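Undergrad: Sharing a structure here in structure tokens format.
The values are calculated or read from the model by the stated rules, or taken from the named source; none is laboratory data. None of these values were measured; they are calculated from a predicted model. Methodologically, a virtual Cβ is constructed for each residue, glycine included, from the backbone with ideal geometry; neighbour enumeration extends over all protein chains shown. Note: accessible area is taken over every heavy atom of the protein model, side chains too, but ligands, DNA and RNA are not part of it. Shrake-Rupley method; radii C 1.70, N 1.55, O 1.52, S 1.80 Å.
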Amino acid sequence: MKVLKFGGTSVGSAESIQNVKSIIASQDGSKLIVLSAMSGVTNYLVEICDNFRTGNSSVIAETIESLKQKHFNITDELITSEKENLSVKKHISLLFEGLTRLTQQDFSESIVPQILTFGETLMTFIFSEFLKVSGMKTCLLDAKKFMYVSNLENPDTEKVGRLLAPFLNTTNVDLTYITQGFVRIDKFNRVNTLNRGGSDFTATILGAALYAEEIQIWTDIDGFHNNDPRYVENTHRLSHLTFEEAAELAYFGAKILHPQTVSPVIHRNIPIFLKNTFTPEAPGTKISSEITNRGLKAISAKDGITAIKIKSNRMLMAHGFLKKIFEVFDKHETAIDMITTSEIAISLTIDDTRNLDPILEDLKAYGEITVEMDHSIICVVGEGLIEDKETYRLFEILNDIPVRMISYGGSINNVSLLVATKNKIPALQALHKNLFQVQDRLVAY
Ligand code: ADP
Ligand code: ASP
Ligand code: MG
């Protein structure tokens, strides 16, 4: 079994959906297709939820109507025979009636994920009908029946596999299964999400659950680039990344992959291929356990970082001080990303600020606290990076850009820098120039 995931732009127009069909048809054996919502749809659903929260019902009705029209239009382009077209649109109307009913209830945060995941329900339905009309053998699976993921950090893929197994037909190996990305059932048995961009994570959770031979993530770019192409010119595709490199880059902001995409497949050693739906013949990027080349590989950046400094004379030679600080973060279930220490101060960063106030309240007992919001972690990654003699070049950016913290040596594969978010783009550009565009490295890559 292979798992193929197609993102929002890959299912964003009738033309790209035709490409998706050809990609699926060109591969033998049984496949599980994970689809996102059409591009832009989840953002509209977020808007609906915002208006639901504030009781702005007239705007909700308008947005629902335009979303319905969008899905009718794509159905008209994909399914032209009248009978099937009408019956598909009838079902779409019923789904939208359900959405409207959800927004007419009294607002509760638990309804929000049901609305947010609606785009995936629509897209998978339309796509499976389209494949059926084209004569392919398909089976639409409801992810809410098996995507039981209570712990986002560590999904129980064996459980997902057990729940999924009864829906799979072991006698027909050429079947194309289709299911929704993004959605999960949480520990309260409620519909929830895997967070924005979560369909990549769905694909690897299902890949691990099925002991799949490979996972293909089809998107709108030719593979993983060595820097963020939205901010930096002349980035280039990497033909191969190790699981660890990809995990680090995704966790530290590379938008091409949801931050947790890689973790479910590392232990099963299932390769992930990143491919471009619009140029399917291009080689893409392979993510696996193979180490093909060592040294500097790529750069990514994660926004929304808050730096907290705890300054205390008591820290001087006091054992147990750090333990107490960490206990505060543990108590408030908040992960720390970066840490630097000096004799009298410790600086650390968090990205989840939901419990910032109680954390600060507790930290006050240990010293003077300073908080700086709106920072970004820039992560430079490569197997054995620290042993690469070119790595020193990354410190040249200190000449031009204020760097708030540096983490070097925590792992030999990564160096992280903390900068104010307003300096992120110049920092990414300067690092790209220093690390990848000097003449000798151009030859090496
Ligand atoms: P999908 O909708 O298919 O999930 P995404 O928009 O989530 O696609 O991810 C693909 C986008 O990620 C690319 O179009 C690109 O702009 C952005 N991106 C950010 N960093 C990288 C990177 N290092 N390599 C490739 N693409 C990246
Ligand atoms: N549709 C969801 C989002 O836009 C999930 C995904 O595309 O991966 O976040
Ligand atoms: Mg994505």
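Undergrad: Looking at Tyr211, is it within 16 Å of ligand 3 (Cβ to nearest atom) and open to solvent by 40 Å² or more (accessible area, probe 1.4 Å)?
TA: no
Undergrad: Looking for whichever is away from ligand 3 (no atom under 16 Å from the Cβ), aromatic (Phe, Trp, Tyr) and more than 27 Å from Phe125 (Cα to Cα) here; the options are Phe188, Phe243. Which one fits? I'd like the intermediate steps shown before the answer.
TA: Numbers: Phe188 fails: more than 27 Å from Phe125 (Cα to Cα).
Answer to the check: Phe243.
Undergrad: Of the residues that sit in the stretch 37-47 and are closer than 19 Å to Ile74 by Cβ and assigned to a helix (DSSP H, G or I), which one is farthest from ligand 2 (Cβ to nearest atom)?
TA: That would be Tyr44.
Undergrad: In the set Val3, Val20, Val34, Val88, which member is in a helix (DSSP H, G or I), touching a strand residue (DSSP E or B) at 6+ places or on another chain (Cβ under 9 Å) and either open to solvent by less than 10 Å² (accessible area, probe 1.4 Å) or within 14 Å of ligand 2 (Cβ to nearest atom) (or both)?
TA: After ruling out the rest, the residue left standing is Val20.
Undergrad: Pull up the stretch 214-231, narrow it to residues that are of a type in the set (Val, Ile, Thr) and either touching a Gly at 6+ places or on another chain (Cβ under 7 Å) or free of Cβ contacts under 8 Å to residues at least 12 places away in the same chain (or both), then point me to the one that is farthest from ligand 3 (Cβ to nearest atom).
TA: Among those that are of a type in the set (Val, Ile, Thr) and either touching a Gly at 6+ places or on another chain (Cβ under 7 Å) or free of Cβ contacts under 8 Å to residues at least 12 places away in the same chain (or both), it is Ile215.
Undergrad: Within the stretch 6-16, which residues are surrounded by fewer than 24 Cβ atoms within 10 Å (Cβ to Cβ) and either part of a helix (DSSP H, G or I) or among the aliphatic types (A, V, I, L, M) (or both)?
TA: Listed by number, the residues that qualify are Thr9, Ala14, Glu15, Ser16.
Undergrad: Anything in the stretch 370-405 that is hydrophobic (A, V, I, L, M, F, W, C) and open to solvent by 50 Å² or more (accessible area, probe 1.4 Å)? List them, or say none.
TA: Those that are hydrophobic (A, V, I, L, M, F, W, C) and open to solvent by 50 Å² or more (accessible area, probe 1.4 Å): Val371, Met373, Phe395, Leu398.
Undergrad: Out of the stretch 93-125, which residues are in contact with a Lys or Arg (Cβ under 7 Å, 6 or more places away or on another chain) and assigned to a helix (DSSP H, G or I)?
TA: Correct list: Phe96, Ser110.
Undergrad: Something else now. So which residues in the stretch 178-203 are within 12 Å of ligand 2 (Cβ to nearest atom) and among the hydroxyl-bearing types (Ser, Thr, Tyr), if there are any at all?
TA: Thr193, Ser199, Thr202
Undergrad: Something else now. Within the bounds of the stretch 48-66, is there any residue that is within 16 Å of ligand 1 (Cβ to nearest atom) and part of a helix (DSSP H, G or I)? If you could, list the steps in order and put the result at the bottom.
TA: Let us first name the residues in the stretch 48-66 that are within 16 Å of ligand 1 (Cβ to nearest atom), namely none.
Within the stretch 48-66 (the criterion being within 16 Å of ligand 1 (Cβ to nearest atom) and part of a helix (DSSP H, G or I)), the answer is no, since none of the residues qualifies.
Undergrad: Could you count how many residues in the stretch 320-338 are modelled with pLDDT under 95, over 24 Å from the mean Cα position of the chain (by Cα) and among the aliphatic types (A, V, I, L, M)?
TA: Residues that pass the stated criteria total 2.
Undergrad: Looking only at the stretch 254-274, which residues are away from ligand 2 (no atom under 15 Å from the Cβ) and surrounded by fewer than 22 Cβ atoms within 10 Å (Cβ to Cβ)?
TA: Of everything in the stretch 254-274, those that are away from ligand 2 (no atom under 15 Å from the Cβ) and surrounded by fewer than 22 Cβ atoms within 10 Å (Cβ to Cβ) turn out to be Ser263, Ile266, His267, Arg268, Asn269, Pro271, Phe273.
Undergrad: What about Pro280, is it open to solvent by less than 60 Å² (accessible area, probe 1.4 Å), away from ligand 2 (no atom under 16 Å from the Cβ) and touching a residue at least 60 places away in the same chain (Cβ under 8 Å)?
TA: On the way: open to solvent by less than 60 Å² (accessible area, probe 1.4 Å): yes; away from ligand 2 (no atom under 16 Å from the Cβ): yes; touching a residue at least 60 places away in the same chain (Cβ under 8 Å): yes.
Criteria met by Pro280.
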